[in-house]
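Peer 1: Dumping the structure here so I can ask a few things about it.
The values are calculated or read from the model by the stated rules, or taken from the named source; none is laboratory data. Treat the numbers as computed from the prediction; the structure is a model and nothing was measured. Please note: Cβ atoms are built from the backbone with ideal geometry, for glycine as well, and neighbour counts cover all protein chains shown. Note: accessible area is taken over every heavy atom of the protein model, side chains too, but ligands, DNA and RNA are not part of it. Shrake-Rupley method; radii C 1.70, N 1.55, O 1.52, S 1.80 Å.
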Amino acid sequence: TPKGSCLESVKIAIDTGYRHIDGAFVYYNEHEVGQAIREKIAEGRINREDIFYCGKLWNTCHPPELVRPTLEKTLKILQLDYVDLYIIELPMAFKPGDAIYPKDENGKIIYHETDLCATWEAMEACKDAGLAKSIGVSNFNRRQLEMILNKPGLKYKPVSNQVECHPYFTQPKLLEFCRQHDIVIVGYSPLGTSRDETWVNVSSPPLLKDPVLNAIGKKYNKTAAQVALRFSIQRGVVVIPKSFNPQRIRENFQIFDFSLTEKEMKEIEALNKNVRYVELLM
Ligand code: A2P
């Protein structure tokens, strides 16, 4: 996004009432997010403790000795003392170094052998040091979650697992598993992504054009986007819709003044295609 648009969008979001902000070092806009939060605190609009900021540990920083310095770097960029949630962004590790996507001479990603359990112990130490209030994971499947949950001497369970989740990819099995273990599912791409072909599988049709979502929306005088978000929160999935447009930022917040019936929830659940928009082919 153009420089400054993130700063403006986060300020509009905070004014609208959003409190959960999903960020990452690799989005390269953490400095703008931090500035927006700090400006809103200085204005007296919010206190730091009203905000829930989620930061992410990138794939090149999985070796345990890199975890805390990486989080400290994020805090320095944000100019905040702590993040509310710090999560392992992906379960696979890349070769440490300056390159975010380290590649060999054939253009292939260079992976790195690390022990996810050791990475997790370093995450636990960040929580103990007060740098992260809570710790979690992202893009973990059941097997990877079990590896952490069954780790001998586990100090803290992951509080959340951020994965793709929306009416076309409802994740029923993972959702049930996480429910059983008190792990919150945070659903990314809740609106079906921006359909950017460089990272999105666009062979799956656009979510917001779905006739069922639109028909249900008509009944409540809501848009398909609002119905999609309402569907997720009503089944206990946290949503992190992305928009850099003031009108749509506000629209995506107007989902607390209606509710879907059980029949409508079932109808939307039946839209599941079990196809990801974000395939993360690496
Ligand atoms: P924009 O930033 O122009 O609003 P996701 O959250 O699933 O990743 O989807 C993000 C995409 O959806 C962005 O391209 C965003 O564009 C668009 N978007 C966000 N909110 C809405 C909305 N209420 N209606 C339609 N498109 C939206």
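Peer 1: Tell me, which residue of region 40-55 that is surrounded by 12 or more Cβ atoms within 10 Å (Cβ to Cβ) and more than 23 Å from the chain's Cα centre (by Cα) is farthest from LEU80 (Cα to Cα)?
Peer 2: ARG45
Peer 1: State all residues of region 151-172 that are in contact with a strand residue (DSSP E or B) (Cβ under 9 Å, 6 or more places away or on another chain), in a loop (DSSP other than H, G, I, E, B), closer than 21 Å to VAL202 by Cα and open to solvent by less than 10 Å² (accessible area, probe 1.4 Å); if no residue qualifies, say none.
Peer 2: CYS165
Peer 1: While we're here: Scanning region 211-224 for residues that are within 12 Å of the ligand (Cβ to nearest atom) and assigned to a loop (DSSP other than H, G, I, E, B), which turns out nearest to CYS165 (Cα to Cα)?
Peer 2: That would be THR223.
Peer 1: Please determine, by comparing only the residues of region 253-282 that are over 18 Å from VAL212 (Cβ atoms) and without any contact (Cβ under 8 Å) to a residue 40 or more places away in the chain, which one is least open to solvent (accessible area, probe 1.4 Å).
Peer 2: The qualifying residue least open to solvent (accessible area, probe 1.4 Å) is GLN254.
Peer 1: Here's another thing I want to ask about it. Going residue by residue through region 203-210, is there one that turns out to be near the ligand (Cβ under 10 Å from one of its atoms) and either open to solvent by less than 10 Å² (accessible area, probe 1.4 Å) or not in a helix (DSSP H, G or I) (or both)?
Peer 2: Within region 203-210, one or more residues are near the ligand (Cβ under 10 Å from one of its atoms) and either open to solvent by less than 10 Å² (accessible area, probe 1.4 Å) or not in a helix (DSSP H, G or I) (or both).
Peer 1: Mind checking whether some residue in region 253-263 is part of a loop (DSSP other than H, G, I, E, B), near the ligand (Cβ under 10 Å from one of its atoms) and polar (S, T, N, Q)?
Peer 2: Scanning region 253-263 turns up at least one residue that is part of a loop (DSSP other than H, G, I, E, B), near the ligand (Cβ under 10 Å from one of its atoms) and polar (S, T, N, Q).
Peer 1: Of the conditions (1) more than 16 Å from the ligand (Cβ to nearest atom); (2) within 18 Å of MET282 (Cα to Cα), VAL163 fails just one. Which one is it?
Peer 2: Failed condition: (1).
Peer 1: Further, regarding this structure: Pairs under 7 Å by beta carbon, first residue closer than 11 Å to GLN254 by Cβ and of a type in the set (Gly, Ala, Ser) in region 206-232, partner within 11 Å of the ligand (Cβ to nearest atom) and open to solvent by less than 50 Å² (accessible area, probe 1.4 Å), six or more apart or different chains?
Peer 2: ALA225/LEU191; ALA225/GLU251; ALA225/ASN252
Peer 1: Go through region 48-106 residue by residue and tally those that are within 25 Å of ALA36 (Cα to Cα) and in a loop (DSSP other than H, G, I, E, B).
Peer 2: Residues in region 48-106 being within 25 Å of ALA36 (Cα to Cα) and in a loop (DSSP other than H, G, I, E, B): 7 in total.
Peer 1: Can you find a residue in region 24-34 that is touching a Ser or Thr at 6+ places or on another chain (Cβ under 6 Å), of a type outside the set (D, E, K, R) and surrounded by fewer than 22 Cβ atoms within 10 Å (Cβ to Cβ)?
Peer 2: Taking every residue of region 24-34 in turn, at least one turns out to be touching a Ser or Thr at 6+ places or on another chain (Cβ under 6 Å), of a type outside the set (D, E, K, R) and surrounded by fewer than 22 Cβ atoms within 10 Å (Cβ to Cβ).
Peer 1: Looking only at residues in region 230-244 that are near the ligand (Cβ under 10 Å from one of its atoms) and open to solvent by 40 Å² or more (accessible area, probe 1.4 Å), which one is nearest to CYS54 (Cα to Cα)?
Peer 2: LYS242
Peer 1: Just name the residue that is most open to solvent (accessible area, probe 1.4 Å) out of those in region 173-194 that are part of a loop (DSSP other than H, G, I, E, B), over 20 Å from ALA270 (Cβ atoms) and within 15 Å of the ligand (Cβ to nearest atom).
Peer 2: SER194
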